[in-house]
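**Q** Below you'll find the structure I mean.
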Amino acid sequence: MKKWYILGLITGLIIASATIVFANSQIQALLNTEVKLMLNGNWKEFKDETTNEIQYPITYKGRTYLPLRNLANIFGANIDYESETKTIILETSNYQEKNIVNSEFGPQIEVKVSNIEQLYNEIGNNKRIILTSDFYNIESDKSENEVVDYWENKSLVIENVENMTIEGEHMTEITVDDIWSNVITFDNCKNIVLNNLKMGHSVGNSTYECEGAVLRLNDCDNFIINNCSLYGCGAEGIYAQKSTNIRVNYSKIYDCTYSGIWLTDNSNAIVTETNFFDSVHDSGFIRLDSSKIECNDCKVENIVSNSDFIDSFDYYSNGDYVDSSATFNDCTFSNNSFKKVSHIKTQNLMFKNCIFRNNSGDLMENTYTYNENSI
């Protein structure tokens, strides 16, 4: 044990102890069980390699000291001690230098992962996670990461994460097997970006028996989806509750059985250059419950809706009645079948510079606002 005391006093990083002896002197230090270590958004514990017992930091004269060997292991460095020269040897040959990149929401540490377990473990704040493999299947009970959870042990849930990007190195596919589970759920997350991902359920279903969405957002803000394909049998490509500033760009939503996008509880989204196609919906291709959406340069084709094409249900929220609204700019609607266009209030549904071809239903109701360039 003596070498660790010497090591600790030399380096300023020591093994936790209430009383530490160095040469012929003795110090009194606080065994600080309240200090925690967070590394890149993930909590870390100092554990003895032999006993697996937690080793706590100590506080001495206002400074906190950490166990060096454990700290080196966390950072992937090799550590050794030469007793003859009383020298600590650190080797960083196995340590990967962190690559810091800038994102729309601030600096992120870039990491690359090749399997689903690595993905689980890297999820955290201020991360840019690059998926290097072509395919990942969601499995449960694979991670001790505190921001990762599982819905009924079947679906990935990411909680309380800020400023994170998940990006396919190419077009990377992520699936879940259970049709009742969402592929990925984000709870109370902020400043999230998804790039180059294809996501859906591995088992298809042509009717609305699939309850899981592809993406579910609960209480999220600033959520960006770029160049993604969201497919069924997901009940919805995106289900968002109490989530704001959602942006969907250059993406595809198809083969969903309830709705393409369902926004509820004061959610809002802007969808740009995204294609909705080849779906049979129990609801509309858009469903709005006291929420708002704007679609720009989108294509909507080959969709059968067994309800209103833009379905809605408005209600009171926090004592106020919240109206839904939808605006479509420069969009094309072709070969779609539905009952009514919508029950949204007439002043809250607008089509500007839109094109309509071979649709079966009352899409061109005179009660709704159509720009003079819509044909």
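The values are calculated or read from the model by the stated rules, or taken from the named source; none is laboratory data. Being a predicted model, the structure only gives us computed values, none of them experimental. Neighbour counts run over all protein chains shown; Cβ positions are idealised from the backbone, glycine included.
**Q** Given the conditions (1) modelled with pLDDT under 95; (2) within 22 Å of ASN359 (Cβ to Cβ), report the number of the one that TRP262 does not fulfil.
**A** In the conditions (1) modelled with pLDDT under 95; (2) within 22 Å of ASN359 (Cβ to Cβ), TRP262 misses (1) alone.
**Q** Just to be sure I understand the filter: pairs with C-beta atoms under 9 Å, separated by 6 or more residues or on different chains, first member in region 61-90 and of a type in the set (S, T, N, Q), second member exposed (fewer than 11 other Cβ atoms within 10 Å of the Cβ) and not in a strand (DSSP E or B). Which pairs pass?
**A** Note: pairs meeting the criteria are ASN70/GLU49; ASN73/GLU49; ASN78/SER93; ASN78/ASN94.
**Q** Right, another one. State whether one or more residues within region 307-320 are modelled with pLDDT of 90 or more and surrounded by fewer than 17 Cβ atoms within 10 Å (Cβ to Cβ).
**A** No: region 307-320 contains no residue that is modelled with pLDDT of 90 or more and surrounded by fewer than 17 Cβ atoms within 10 Å (Cβ to Cβ).
**Q** Go through region 323-359 and count every residue that is modelled with pLDDT of 90 or more and either basic (Lys, Arg) or in a strand (DSSP E or B) (or both).
**A** Of the residues in that region, 16 qualify.
This table checks each residue for (1) at pLDDT below 80; (2) under 33 Å from the mean Cα position of the chain (by Cα); (3) closer than 30 Å to ILE192 by Cα; (4) not hydrophobic (A, V, I, L, M, F, W, C).
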residue	(1), (2), (3), (4)
ALA29	yes, no, no, no
THR51	yes, no, no, yes
GLY76	yes, yes, yes, yes
ASP80	no, no, no, yes
GLU97	yes, yes, yes, yes
PRO107	no, yes, yes, yes
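**Q** Inside region 250-266, can you point out the residues that are hydroxyl-bearing (Ser, Thr, Tyr) and either touching a residue at least 40 places away in the same chain (Cβ under 8 Å) or in a loop (DSSP other than H, G, I, E, B) (or both)?
**A** Passing the criteria: TYR250, SER251, THR257, TYR258, SER259.
**Q** Further, regarding this structure: For region 228-264, name all the residues that are closer than 20 Å to ASP134 by Cα and among the β-branched types (Val, Ile, Thr).
**A** Passing the criteria: only ILE253.
**Q** How about region 267-310: which of its residues are more than 20 Å from the chain's Cα centre (by Cα), within 15 Å of LEU217 (Cα to Cα) and outside any strand (DSSP E or B)?
**A** Hit for region 267-310 is SER291, nothing else.
**Q** Restricting attention to region 146-157, and to residues there that are more than 19 Å from SER133 (Cβ to Cβ) and not aromatic (Phe, Trp, Tyr), which single residue is modelled with the highest pLDDT?
**A** Restricting to residues being more than 19 Å from SER133 (Cβ to Cβ) and not aromatic (Phe, Trp, Tyr), the top hit is VAL157.
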